[in-house]
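The values are calculated or read from the model by the stated rules, or taken from the named source; none is laboratory data. Worth saying up front: this structure is predicted, and the values here are computed from it rather than measured. Quick reminder, even Gly has a Cβ in these numbers, built from the backbone with ideal geometry, and neighbours come from all protein chains shown.
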Amino acid sequence: MQEAINRQINRELYSAYFYLSMSVYFESEKLKGFANWMRMQAREETGHAMRLFSYMAERGGRIIMQDIEAPPIEWDSARDVFEHTLKHEKKVTEMINNLMGIAKSENDIEAQKAIEWFVNEQAEEEETAEKILNDIKERGLQEIDKELAERK
Ligand code: MG
């Protein structure tokens, strides 16, 4: 369980890195709203890592910091970015479900409670990524950019 949570902390930090890299891409495309949205998303991912970090600390688990993988740095378009975002979040959902499976097999009730929050969060993450991806397919980028600028 401990090993799996350590892996998840690393993956959440990677997610933050991944979205920061996307933010850099959008800045270079002069899509400031998209860039802002990605920065906020990165902050949220750091929050996910910290949530697990605190959980481990509270339970006296051993936290081991490992290398964070470098994210991709180039994308073809906003659509390409959000296709990758959705794919990434689906992968994270798989990891969270796997984590829940381990918690259940070890009969670790505390861990199950902590992971439950992430199960709900992942449903939201996938929904949001899917919504923006659909918006990109159907509407003008500038219009969406204005809306995404408002995320705080
Ligand atoms: Mg996350």
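Consider segment 120-138 and keep the residues that are closer than 21 Å to SER54 by Cα and out of contact with any Ser or Thr (no Cβ under 8 Å at 6 or more places or on another chain). The one that is surrounded by the most Cβ atoms within 10 Å (Cβ to Cβ) is GLU121. Scanning segment 98-113 for residues that are in a loop (DSSP other than H, G, I, E, B) and either exposed (fewer than 15 other Cβ atoms within 10 Å of the Cβ) or hydrophobic (A, V, I, L, M, F, W, C) (or both) yields GLU106, ASN107.
So, ARG62, is that one closer than 16 Å to GLU3 by Cβ and either in contact with a Leu (Cβ under 6 Å, 6 or more places away or on another chain) or among the charged types (D, E, K, R) (or both) or not? Walk me through it before giving the result.
Details: closer than 16 Å to GLU3 by Cβ: yes; either in contact with a Leu (Cβ under 6 Å, 6 or more places away or on another chain) or among the charged types (D, E, K, R) (or both): yes.
Yes: the conditions hold for ARG62.
Checking each residue in segment 22-46 for being among the hydroxyl-bearing types (Ser, Thr, Tyr) and within 15 Å of the ligand (Cβ to nearest atom) picks out only THR46. For segment 63-84, state whether one or more residues are surrounded by 13 or more Cβ atoms within 10 Å (Cβ to Cβ) and within 13 Å of the ligand (Cβ to nearest atom). No; the residues of segment 63-84 include none that is surrounded by 13 or more Cβ atoms within 10 Å (Cβ to Cβ) and within 13 Å of the ligand (Cβ to nearest atom).
Step by step: first the residues of segment 98-113, then only those that are aliphatic (A, V, I, L, M) and within 16 Å of the ligand (Cβ to nearest atom), then the one that is nearest to GLN2 (Cα to Cα). Which residue is that?
If we filter segment 98-113 for residues that are aliphatic (A, V, I, L, M), which is where we start, we get 99-100, 102-103, 109, 111.
If we keep only those that are within 16 Å of the ligand (Cβ to nearest atom) too, we end up with 99-100.
On the way: LEU99: 10, MET100: 12 Å.
The qualifying residue nearest to GLN2 (Cα to Cα) is LEU99.
Among the conditions (1) under 30 Å from ASP145 (Cβ atoms); (2) more than 13 Å from the chain's Cα centre (by Cα), the only one that GLN112 does not satisfy is (1).
Yes/no per residue for (1) hydroxyl-bearing (Ser, Thr, Tyr); (2) under 17 Å from MET95 (Cα atoms); (3) surrounded by fewer than 18 Cβ atoms within 10 Å (Cβ to Cβ):
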| residue | (1), (2), (3) |
| --- | --- |
| ASN6 | no, yes, no |
| GLU12 | no, yes, no |
| SER15 | yes, yes, no |
| VAL24 | no, no, yes |
| GLU29 | no, no, yes |
| ALA49 | no, yes, no |
| PHE53 | no, yes, no |
| ARG59 | no, no, yes |
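Based on this model, can you work out whether MET95 counts as surrounded by fewer than 20 Cβ atoms within 10 Å (Cβ to Cβ), at pLDDT below 95 and either more than 28 Å from LEU141 (Cα to Cα) or within 13 Å of the ligand (Cβ to nearest atom) (or both)? When the stated conditions are applied, MET95 does not pass them. Among the residues examined, ILE144 qualifies as out of contact with any Cys (no Cβ under 8 Å at 6 or more places or on another chain), touching a residue at least 60 places away in the same chain (Cβ under 8 Å), of a type outside the set (Ser, Thr, Tyr) and surrounded by 12 or more Cβ atoms within 10 Å (Cβ to Cβ). Considering segment 42-83 alone, what residues qualify as being of a type outside the set (Ser, Thr, Tyr), part of a helix (DSSP H, G or I) and either in contact with a strand residue (DSSP E or B) (Cβ under 6 Å, 6 or more places away or on another chain) or in contact (Cβ under 8 Å) with a residue 40 or more places away in the chain (or both)? Residues satisfying the conditions are HIS48, ALA49, ARG51, LEU52, PHE53, MET56, ALA78, ARG79, VAL81, PHE82, GLU83.
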